[in-house]
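Undergrad: Attaching a single structure in structure tokens format; questions to follow.
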Amino acid sequence: MDLGLAGRRALVTAASKGLGRACAVTLIAEGARVFISSRSPEATAREIGAVGSVAADISAERAPEHIVGAAVDALGGLDVLIVNAGGPRPGTFQDVPLSSWDDAYQLTLMSAVRLVNSALPHLKKSDQARIVFISSISVRQPLPILALSNSLRAAVTGLAKTLSLELASHHITVNSVAPDAILTDRIRQLAGGDELGVKAMGDRTPMGRLGTPEEFAAAVVFLCSRQAAYISGQTLGVDGGSLRGVH
Ligand SMILES: NC(=O)c1ccc[n+]([C@@H]2O[C@H](COP(=O)([O-])OP(=O)(O)OC[C@H]3O[C@@H](n4cnc5c(N)ncnc54)[C@H](OP(=O)(O)O)[C@@H]3O)[C@@H](O)[C@H]2O)c1
């Protein structure tokens, strides 16, 4: 299937590794021109054939504006924005110090708000504009020891739904893709940092295995496609059937 992504201009943030990197690689495989960011994106940008990259801590107030500006300069415009950031620190509500709430708010919610705010004028000029938020199963099923993620990602989901309604008349679709356990460094860390922990985490899923970043990226890239023009305001789980709820 031709996804209509050849020549499309895409920015993927937090893309030096893990889910963001896989999204960038898959977009490039579909012929998109991709710009990436993270705190250290240069080596990945060279490896995967990105058009360019910029190094920035996305939780800093001016970083999203700087990232979008660099992407638009390099790409000559913007059709696709994949909103991603590193995960907030793990911990139960009782473990997490109050000061970590503001860090997580800047990293998880405000980076997304600022990225969309800076990207919107450019996306409005595109005839196939897409915003995809990398989210988490935690927006539907809170995860143990992830109090910050459980709380702040729900706000990002509210943002995504709000944007999908507000931007529909501009033909900009806005969706979220929610992983449970896709094998990346973040999941390795949450599993305790060793192969036994990773295996145990996979064994607990309905399919008996973790997902791959490529499986996750395929869903994200489909939502960026021409064929997904009438899909907006959705949160698509890529979780191997882990979500327990009916709705
Ligand atoms: N993997 C999963 O199954 C899963 C499940 C639920 C939710 N998530 C969420 O999905 C997101 C991506 O996860 P992942 O598994 O791909 O994690 P990962 O493998 O740890 O990759 C995180 C990426 O974020 C970048 N990053 C981290 N902090 C940053 C910052 N302050 N500013 C800019 N870039 C930053 C890192 O690059 P640099 O080090 O170069 O900055 C890296 O490219 C995270 O928010 C995670 O919590 C993942």
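Undergrad: From zero up to wherever the largest Cα-Cα distance of the chain sits, split into 5 Å bins and tell me the percent of pairs in each.
TA: Percent of pairs per bin, in order: 1, 7, 14, 19, 21, 18, 12, 6, 2, 0.
Undergrad: Cross-link candidates for Lys17: which lysines have Cα within less than 23 Å, leaving aside residues fewer than 8 places away along the same chain?
TA: Lys199
Undergrad: Between Arg244 and Ala55, 0.36 nm times their residue separation minus their Cα-Cα distance comes to what?
TA: Extending this stretch completely gives an extra 64.2 nm.
Undergrad: I'm checking a number: the convex hull volume of the Cα atoms of the range 48-148, normalised per residue, in Å³. What is it? Provide the component values of the computation, followed by the final result.
TA: Numbers: hull volume 12.1 nm³, N = 101.
Normalising the Cα hull of the range 48-148 by residue number yields 119 Å³.
Undergrad: Report Rg/Rh for the range 89-229, rounded to two decimals, where Rg is the Cα radius of gyration and Rh the Kirkwood radius.
TA: The Rg/Rh ratio comes out at 1.01.
Undergrad: I'd like the Kirkwood hydrodynamic radius of the range 83-140, using the inverse of the mean 1/r over distinct C-alpha pairs, in Å.
TA: About 13.3 Å for the range 83-140.
Undergrad: Let me know the whole percent of all Cα-Cα pairs from the range 6-71 that are separated by more than 19 Å.
TA: The proportion of pairs with Cα distances above 19 Å equals 21 percent.
Undergrad: Given the C-alpha centroids of the range 199-242 and the range 31-51, what is the distance between them in whole angstrom?
TA: One Cα centre to the other: 22 Å.
Undergrad: Where does the range 116-177 land on Rg(C-alpha)/(2.2 N^0.38 Å)?
TA: 1.26
Undergrad: So between Ala200 and Glu166, what do we pick up on full extension, going 0.36 nm a residue minus the alpha carbon distance?
TA: 8.0 nm
Undergrad: Calculate the spin-label point distance for Arg209 paired with Asp185, positioning each point 7 Å from the Cα along the beta-carbon direction, and give it in nanometres.
TA: 2.5 nm
Undergrad: Related question: Sort 92-103, 203-214, 138-149, 19-30 by packing, meaning the average of other beta carbons within 10 Å per residue, with the highest value first.
TA: Highest mean packing first, the order is 19-30, 138-149, 203-214, 92-103.
Undergrad: Sequence gap at least 6, Cα distance under 8 Å: using those rules, report the relative contact order of the chain to the nearest whole percent.
TA: About 20 percent, as a whole number.
Undergrad: Quick one: helix 18-29 against the long Cα principal axis of the chain, what's the angle to the nearest 10°, folded into 0 to 90?
TA: Rounded to the nearest ten degrees, it is 30.
Undergrad: Another question, if that's okay. Which Rg and Dmax, in Å, describe the Cα atoms of the range 146-189?
TA: 13.8, 42
Undergrad: In addition: Taking 0.36 nm per residue of sequence separation and subtracting the Cα-Cα distance, how much length would be gained by fully extending the chain between Asp95 and Ala43, in nm to one decimal?
TA: Length gained between Asp95 and Ala43: 15.2 nm.
Undergrad: Need one number: nm distance between label points at Asn117 and Ala229, each 7 Å from Cα along Cα→Cβ, rounded to one decimal.
TA: Placing both labels 7 Å along Cα→Cβ, they lie 3.2 nm apart.
Undergrad: Roughly how tilted is helix 213-223, in degrees to the nearest 10 and between 0 and 90, from the longest Cα axis of the chain?
TA: Once rounded, one gets 40 degrees.
Throughout, read-outs are computed from the coordinates displayed, never taken from laboratory work. Keep in mind the model is a prediction, meaning the values are calculated, not measured. Glycine gets a Cβ as well: all are built from the backbone with ideal geometry, and neighbour counts include every protein chain shown.
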